[in-house]
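Dropping a structure here in structure tokens format, bear with me for questions.
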Amino acid sequence: MHTREFFGLIITIDGPAGSGKSAAAVLLAGKLGFAHLDTGAMYRAVALAAMQYGALHDGAAMAQVAREMRLEFDAATQPARVLLNGHDVTEAIRTREVTQATRQAADNPEVRSELVRRQQRLAAKLGNVVSEGRDQGSVAFPDAEFKFFLDADVRVRAKRRQQQLAAAGMAADAADILRDMQQRDREDQSRPVGPLVKTADAIVVDGTDLTLEQVVDRMASLVQAGKPIGAAGECRR
Ligand code: DC
């Protein structure tokens, strides 16, 4: 059975940590009147739930946690609040501890297939969606109308992350942040299931020298022109 007929228009944004995907996805979704799906928040929620149930180092138990957890996005605010088993975990899933533990969830093939299933179900319910993550164009929505790969030089991503942390009152060493970022890039790219890849039909946006607004304007104008282009820059339709 072909899945396309059940979805509205789907735009995927994949890219490495710190590339600005989440901020771009929220703004693009707002501009187009689409729903926004933050799939990184889903992996983070599995890691947090697994920590709560002592299942972080037991792959089968973690997969069970992923299958049984109740996960909701409350879209009354943008970005949406994340509710895990009825509790608001929007901030709790962003701590350094959970960020580091999330690797266990992201590397677990059973967790990944469960979350991809949930992402597809959610998208079918939401209609037009901007879905962001690492494997949205490659695995979750291979038939998406528009696939963006948002990249930026790792040093620029690390610098931006340091500025975000400083703005939130959390001083952090620039060299540590750069090392963390390079480590996460290696993990994201080498994951045996659902790794971060640029699909051949993805539109690559290099945000190294662009502001967030310029990134979003570029994406929105391509979508509004209705002309997805491949990485080589040629028009596909
Ligand atoms: O985008 P983020 O930093 O919130 O993602 C958190 C983690 O989840 C990150 O380590 C990569 C992983 N992830 C993934 O493997 N697949 C996705 N679709 C989204 C995130």
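Bear in mind that the values in this text are calculations on the coordinates, not laboratory data. Only a predicted model underlies this, so the values are computations on that prediction, with no experimental measurement involved. Here the Cβ is made from the backbone with ideal geometry for all residues, glycine too, and neighbour counts use every protein chain on show.
Just need the relative contact order of the stretch 44-85 here, percent rounded to a whole number, with Cα pairs under 8 Å and 6+ apart.
Computed value for the stretch 44-85: 32 percent relative contact order.
Oh, and also: When the chain is fully extended, how far beyond the present Cα-Cα distance does Asp58 get from Ser221, taking 0.36 nm per residue of separation?
Full extension of this stretch gives 54.1 nm more.
For the stretch 114-228, report the translational diffusion coefficient in µm²/s to the nearest whole number, using Stokes-Einstein at 10 °C, 1.306 mPa s, and a Kirkwood Rh over Cα pairs.
Diffusion coefficient, whole number: 99 µm²/s.
Highest GNM mean-square fluctuation, the chain, Cα pairs closer than 10 Å: which of Arg134, Arg44, Arg103?
Arg103
Which residue fluctuates the most in the chain, going by a Gaussian network model with Cα springs under 10 Å, if the choices are Gly59, Gly30, Gly86?
Gly86
Now a separate question. Roughly how many nanometres apart are two label points built 7 Å out from the Cα toward the Cβ at Glu91 and Arg67?
Going from the Glu91 label point to the Arg67 one covers 3.5 nm.
So, one more: Would you work out the relative contact order for the stretch 1-140, in percent, from Cα pairs under 8 angstrom that are 6 or more residues apart?
44
Using just the helices of the chain, give the 222 nm mean residue ellipticity in deg cm²/dmol: DSSP H runs with n ≥ 4 each add -39,500 (n - 2.57), and the total is spread over all residues, rounded to 500.
-15000 deg cm²/dmol
Given an 8 Å cut-off on Cα distances and at least 6 residues of separation, report the relative contact order of the stretch 107-237 as a percent.
In percent, rounded to a whole number, it is 28.
Related question: Between Asp74 and Val193, what is the spin-label point distance in nm, taking each point 7 Å from the Cα along the Cα→C-beta axis?
3.2
Given Lys147/Lys198; Lys125/Lys198; Lys31/Lys147, which pairs have Cα atoms separated by over 21 Å?
Lys125/Lys198, as the Cα separations exceed 21 Å there.
Hey, what D do you get for the stretch 27-151 in µm²/s if you plug the Kirkwood alpha-carbon radius into Stokes-Einstein at 37 °C and 0.692 mPa s?
Value of D from the Cα-based Kirkwood radius: 221 µm²/s.
Related question: Can you list the lysines whose alpha carbon is less than 20 Å from that of Lys159, not counting same-chain residues fewer than 8 positions off?
Cross-link targets: Lys21.
Consider all pairwise Cα distances in the stretch 146-214 and report the whole-number % of them above 16 Å.
The share of Cα pairs beyond 16 Å in the stretch 146-214 comes to 58 percent.
With N denoting the number of residues in the chain, provide Rg(C-alpha) divided by 2.2 N^0.38 Å, to two decimal places.
Output field value: 0.98.
Show the residues, 5+ positions off or on another chain, whose built amide H is closer than 5 Å to the amide H of Lys147.
So Lys147 has HN proximity to Thr12, Ile203.
Using R₀ = 22 Å, calculate the FRET efficiency as 1/(1 + (r/R₀)^6) where r is the Cβ-Cβ separation of Lys31 and Ala168; round to 0.05.
0.30
If the stretch 1-71 were replaced by its equivalent ellipsoid, with semi-axes equal to the square roots of 5 times the Cα gyration tensor eigenvalues, what would those be, largest first, whole Å?
28, 17, 10
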